[in-house]
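The values are calculated or read from the model by the stated rules, or taken from the named source; none is laboratory data. Model, not experiment: these values are computed from the prediction. Please note: Cβ atoms are built from the backbone with ideal geometry, for glycine as well, and neighbour counts cover all protein chains shown. Only protein heavy atoms, including side chains, enter the accessible area calculation; ligands, DNA and RNA are left aside. Shrake-Rupley method; radii C 1.70, N 1.55, O 1.52, S 1.80 Å.
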Amino acid sequence: MKRKGFFLLLMMTMTILLTSCWSKKELTDLAIVSAMGIDVTKDGRFHLTLQIINPGNVAGGLQGGGGTQSPPITIYSASGDNIVEASRRASGRISRRLYYAHTNLVVVGEKLARKEGLNTLIDGLDRDPEFRNTSTLVVAKNSTAADLVKTLTPVDKIPANKVLKTLEFTERKWGENVKTSLQEVMKSIESPGRGAVVSGFRLVGNPQQAQKLDNLQESEPAATLRASGIAVLKQGKLVDWLYGKPARGTVWILDKIQGTDINIDWAGKKEAIAYQTVRQKTSVSAQVKNGQPHISVHTRVEGDIGDMEVPVDITNPKIITKIEQSLRKEIKKELRAAIEHAQKNKTDILGFGEVVHRTRPNQFKKLKTEWNDVYFPKLDVDITVEAYIRRAGLRNKSFLSGVKENQK
């Protein structure tokens, strides 16, 4: 009898705990947001631009019902005193519930990044339980976030995927951009004495043409999106842009380069030898002597010969050694340029202060308040580079060397 009573009580308890479908979300009731653009209006309000996926058009191409063409995305926008108000105001224009769980891209307009900064909007995004803080964050270069979000892109039907994949592959192959998530930006801003870096994206071409289906029907689109530099954030606000070698040197010191190409001069010819990196590792250490911090940067890189525009006998070990020495000088020059640029901006985007804080926490307490303005700009940094050539592609002997020998 006691046993039957126990099982009866257990079943009643399980019945109470069963939640059934109380939180169900029907797909036909959801508007899936793939990208969000945030700008600031003239009166200081937030302007939200939402890129919403049209599932049927994505699955079936650009052909809609009855043979008419329709885009894979639809754009809705609204303004508010904060992003929560702007999002809720947008509901008055959409017949479905905005669903942010698949929002993988957040675009911030350059004007907003410079004027207001990212701190306020980051708080609103991170506070939303549905929004993922692993979403990628980019800054619109010389443009509004709305123009970027509205752009239709070829190859990738969903424009947000175009931006994400471009950042992923340029980080893997070139190294002058970095794919940064909302969570990483938050950690950088919260770290004592540290700035943050965010990749920039710009619209190349006419913004009005970028929103038309005609833009997708040309072999060379009149308007497209392109990765453009790295935004430097100090206390959450945009203060500068990095391009070229300072940008790549910054990514290098942050140990986020997956692959790139280094060109060196040889035999009087500029950038005659191309060196492709295969793997690299950068480490940063810190010391404090007599109240003054000292930083050491060490990087080790291995790679292959990719191209030679002059005859070079790479079967000679001495020649290989000389090429490696030239590579070390070139890489060291880029790292030094990145450090000097950051010191000029008085913004520690390289994380040196964080290294000092991690290794010498008690001593960093005395430096923290004046780190960016006093100590970081005058910081003494030692750079050590190891560069090695591991392979030479499918041939050892240079093709140009063979041509030169046959002409004799």
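Can you give me the number of residues within region 74-95 that are closer than 20 Å to residue 32 by Cβ, in a loop (DSSP other than H, G, I, E, B) and open to solvent by 80 Å² or more (accessible area, probe 1.4 Å)? It would help to see each step written out before you state the result.
Residues of region 74-95 closer than 20 Å to residue 32 by Cβ: 74-78, 83-84, 86-95.
Narrowing further to those that are in a loop (DSSP other than H, G, I, E, B): 94-95.
Remaining after also requiring open to solvent by 80 Å² or more (accessible area, probe 1.4 Å): 95.
Residues that pass the stated criteria total 1.
Within this structure, residue 350 passes the test of being surrounded by 15 or more Cβ atoms within 10 Å (Cβ to Cβ) and not in a helix (DSSP H, G or I).
In region 193-209, which residues are touching a residue at least 12 places away in the same chain (Cβ under 8 Å) and either surrounded by fewer than 17 Cβ atoms within 10 Å (Cβ to Cβ) or in a helix (DSSP H, G or I) (or both)?
Our first condition is that a residue be touching a residue at least 12 places away in the same chain (Cβ under 8 Å); within region 193-209, this holds for 193-207, 209.
204, 205, 206, 207, 209 - these are the residues of region 193-209 that are touching a residue at least 12 places away in the same chain (Cβ under 8 Å) and either surrounded by fewer than 17 Cβ atoms within 10 Å (Cβ to Cβ) or in a helix (DSSP H, G or I) (or both).
Being of a type in the set (Lys, Arg), in contact with an Asp or Glu (Cβ under 6 Å, 6 or more places away or on another chain) and assigned to a helix (DSSP H, G or I) is a property that does not hold for residue 187.
Got at least one residue in region 56-70 being buried (at least 16 other Cβ atoms within 10 Å of the Cβ), in a loop (DSSP other than H, G, I, E, B) and modelled with pLDDT under 75? Yes, that holds for at least one residue. Scanning region 96-130 for residues that are open to solvent by 20 Å² or more (accessible area, probe 1.4 Å), assigned to a loop (DSSP other than H, G, I, E, B) and either without any contact (Cβ under 8 Å) to a residue 24 or more places away in the chain or aromatic (Phe, Trp, Tyr) (or both) returns a single hit, 129. Within region 248-263, is there a residue that is part of a helix (DSSP H, G or I), farther than 14 Å from residue 154 by Cα, open to solvent by less than 60 Å² (accessible area, probe 1.4 Å) and among the aromatic types (Phe, Trp, Tyr)? Yes: region 248-263 contains one or more residues that are part of a helix (DSSP H, G or I), farther than 14 Å from residue 154 by Cα, open to solvent by less than 60 Å² (accessible area, probe 1.4 Å) and among the aromatic types (Phe, Trp, Tyr).
Of all the listed residues (134, 153), the sole one being surrounded by 17 or more Cβ atoms within 10 Å (Cβ to Cβ) and of a type outside the set (A, V, I, L, M, F, W, C) is 153.
Determine, yes or no, whether residue 290 is closer than 25 Å to residue 368 by Cβ and open to solvent by 20 Å² or more (accessible area, probe 1.4 Å).
Values: closer than 25 Å to residue 368 by Cβ: yes; open to solvent by 20 Å² or more (accessible area, probe 1.4 Å): yes.
Here the answer is yes, as residue 290 does meet what is asked.
Scanning region 296-325 for residues that are in a helix (DSSP H, G or I), of a type outside the set (A, V, I, L, M, F, W, C) and open to solvent by less than 40 Å² (accessible area, probe 1.4 Å) yields a single hit, 324.
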